[in-house]
Amino acid sequence: LSLPVRWGPVDRIDERLTTAVVGWVGRHRIVRETALVVTNLGAPVLLALVVAIGAGLLWRRGDLNGARTLLLCGVLGAVVETALKLTVARARPDLDSLVTARGTSFPSGHAMMSAVVYLTLGTLLARTESRRRVKSYVMAVAAVITLLVGLSRIYLGVHWPSDVVAGWALGAGWATLAWLVMLWLQGRGKV
């Protein structure tokens, strides 16, 4: 079951913005090459590796609950993202994009899963740190990576801006929900 969606005014904004951005990026080699590198920070294989390494580091630090949370967030986030793509079935931009992308466009999997993985990992690492500056730095790095990955998808012409914004919102919401559930379970002595 898929529900192809048209979003009227949002579609017009998406089309204008994407066409302008892709055209501009196409004329600026350094921006294009940077976007090609940055987009790979949200690639499924790299994110799976970040989850595995992050969970291993958390486990090694004695944070078994954090390791479980990160693994569960990564796996379930990917399931939700895939289900949404199959259900909404929104077509990708029909432009001369700078990379080839398969599948449907909504939500941006790179944007959503970057938010899920990097924000969850950042939160889990920051919570064990006592220095406020280090906590802020870790969370800032997670947020910046998440933002840059999403923007790279627009720059490369493989997603509409609304796909990316939705991916960020869903991923950040997913990471926040996981964090709250973990805190709740800790408070009840279940984890």
note = With the first residue restricted to segment 164-186 and required to be within 15 Å of Gly66 (Cβ to Cβ), and the second required to be among the β-branched types (Val, Ile, Thr) and surrounded by fewer than 21 Cβ atoms within 10 Å (Cβ to Cβ), Cβ contacts under 8 Å at 6 or more apart or on different chains are Met182/Val191; Leu185/Val191
note = Given the conditions (1) more than 19 Å from Gly66 (Cβ to Cβ); (2) open to solvent by less than 40 Å² (accessible area, probe 1.4 Å), every one holds for Ala142 apart from (1)
message = With out of contact with any helix residue (DSSP H, G or I) (no Cβ under 9 Å at 6 or more places or on another chain) and polar (S, T, N, Q) as the only criterion, which of Ser136, Ser108, Ser130 stands out?
response = Ser130
request  = Could you please tell me which pairs satisfy a Cβ distance under 7 Å, a separation of 6+ or placement on different chains, a first residue in segment 121-150 that is in contact (Cβ under 8 Å) with a residue 12 or more places away in the chain, and a second residue that is of a type in the set (Phe, Trp, Tyr) and open to solvent by less than 30 Å² (accessible area, probe 1.4 Å)?
outcome  = Ala142/Tyr118; Ile145/Tyr118; Thr146/Tyr118
key: Single residue of Arg102, Arg90, Arg68 found to be among the basic types (Lys, Arg) and under 28 Å from Gly187 (Cβ atoms)   = Arg68
query = Quick one: which of Val80, Val99, Val22 is at pLDDT 85 or above, open to solvent by less than 70 Å² (accessible area, probe 1.4 Å) and touching a Leu at 6+ places or on another chain (Cβ under 8 Å)?
reply = Val80
remark   = Conditions (1) in a loop (DSSP other than H, G, I, E, B); (2) open to solvent by 20 Å² or more (accessible area, probe 1.4 Å) -> Val165 fails only (1)
task = Could you please find all residues in segment 129-148 being closer than 24 Å to Arg29 by Cβ and touching a Phe, Trp or Tyr at 6+ places or on another chain (Cβ under 8 Å)?
result = Ile145, Leu147
query = Within segment 60-74, can one find any residue that is open to solvent by less than 60 Å² (accessible area, probe 1.4 Å), at pLDDT 85 or above and over 19 Å from Ala142 (Cβ atoms)?
reply = no
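The values are calculated or read from the model by the stated rules, or taken from the named source; none is laboratory data. Please read these numbers as outputs of a predicted model, since none were measured by experiment. Every residue, glycine among them, receives a Cβ derived from its backbone with ideal geometry; neighbour counts consider all protein chains shown. Note: accessible area is taken over every heavy atom of the protein model, side chains too, but ligands, DNA and RNA are not part of it. Shrake-Rupley method; radii C 1.70, N 1.55, O 1.52, S 1.80 Å.
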